[in-house]
Amino acid sequence: MLKKFKDGIREVAFTTDYINSLLELMEATLSYVPSCTNANEIPDISLYDHSKTTVAIASCIYEYLNALGKNDYRNILYENGKDFYKEKAFLMFSFDISGIQKFIYTISSKNALKMLRARSFYLEVLSEHLIDRLLINCGLSRANLIYSGGGHCYILLPNTEKVKKEIDNFLKTVNRWLIEKFGNSLYVAVGKTECSANDLMNTCADDNSKKAEATNDYPPYKDIFVRVGREQSRSKLNRYDAYDIRRMNNLPAGEIGRECRVCG
């Protein structure tokens, strides 16, 4: 593993263009190396996951403090660290592509298997492209990507006005492009919520477990994803604004008199 890592690191230039290459190298070599060398603990966290998560959190903190014009990191993060843990410095973001099943399976019987594979692959590439574009526009790397799969993703972002504007532009740009290419068959719903370091560490969840059960509340960490899911559901229920609806109504119709091969 060490030899493979050394050979790979020689090919990496320490510039922005090579960040994802470095992440791939670390994933290939360090995924089965435990982050903790204490033999008495369960080695269930890999050195790759630990390093990647550290980068995600550190980059969010840097962007957040930079946006506020604060650069006294030692005072803010170490001497007054407990106060900073309470600040809503992070933004948990998620998007979900709606209409996947209908898009994939609305095909003709001719070359059905090839069409299914092609459409599934197309959506996977589209999803990864959207993730990359958002991360680049926010000035971040794929280290901030927590999960992606099945047209769904979770990304940890800094809680800044710049990032929130990028998310709004992302939603409008992507969905208007989807309308142009696929009508209303595909739609990207987004959800985001502010959270603190205490929320990410699930602080007080164990102490308040009985209270949570009694009031039907959620522990802090779980509540992050509950809030994101609720906002995503609202996004799906209110897909388009007046501009988008007018635009869809003015799209040219298909060729008149031609029968659809799929639905007849």
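Points worth noting:
- Taking ILE42, ILE167, ILE104 as the candidate residues, the one with maximal mean-square fluctuation in a Gaussian network model of the chain, Cα springs under 10 Å, is ILE42.
- Long hydrophobic helices in the chain: the complete DSSP H runs spanning 18 Å or more by Cα along their own axis with mean Kyte-Doolittle hydropathy of at least 0.0 are 47-67, 112-137.
- Top of LYS172, LYS86, LYS110 by mean-square fluctuation, Gaussian network on the chain, Cα under 10 Å: LYS110
- Inter-centroid distance (Cα atoms) of region 119-181 relative to region 1-57, Å: 24 Å
- Residue of SER235, SER98, SER109 that the Gaussian network model of the chain assigns the largest fluctuation, springs spanning Cα pairs under 10 Å: SER109
- Each residue in ASP132, ASP72, ASP223 was given a count of other beta-carbon atoms within 10 angstrom of its own, and listing them fewest first yields ASP72, ASP132, ASP223.
- Computed [θ] at 222 nm, deg cm²/dmol, the chain (DSSP H ≥ 4; -39,500 (n - 2.57); rounded to nearest 500): -16000 deg cm²/dmol
- When you work out D = kT/(6 pi eta Rh) for the chain at 37 °C and 0.692 mPa s, using the Kirkwood radius from C-alpha pairs as Rh and the Stokes-Einstein form, the result is 152 µm²/s.
- Applying Stokes-Einstein at 37 °C and 0.692 mPa s to the Kirkwood radius of region 17-147, computed over alpha-carbon pairs, gives a translational diffusion coefficient of 179 µm² s⁻¹.
- Exposure proxy order (Cβ contacts within 10 Å, fewest to most) of VAL163, VAL55: VAL55, VAL163
- Only Lys, Arg (+1) and Asp, Glu (-1) charged, at Cβ; region 90-249 dipole about Cα centre in debye: 880 debye
Bear in mind these aren't lab numbers, they're just calculated from the coordinates by the rules spelled out. Keep in mind that this is a model prediction, so the values were computed, not measured. Positions of Cβ are generated from backbone atoms using ideal geometry, with glycine treated the same way; all protein chains shown enter the neighbour counts.
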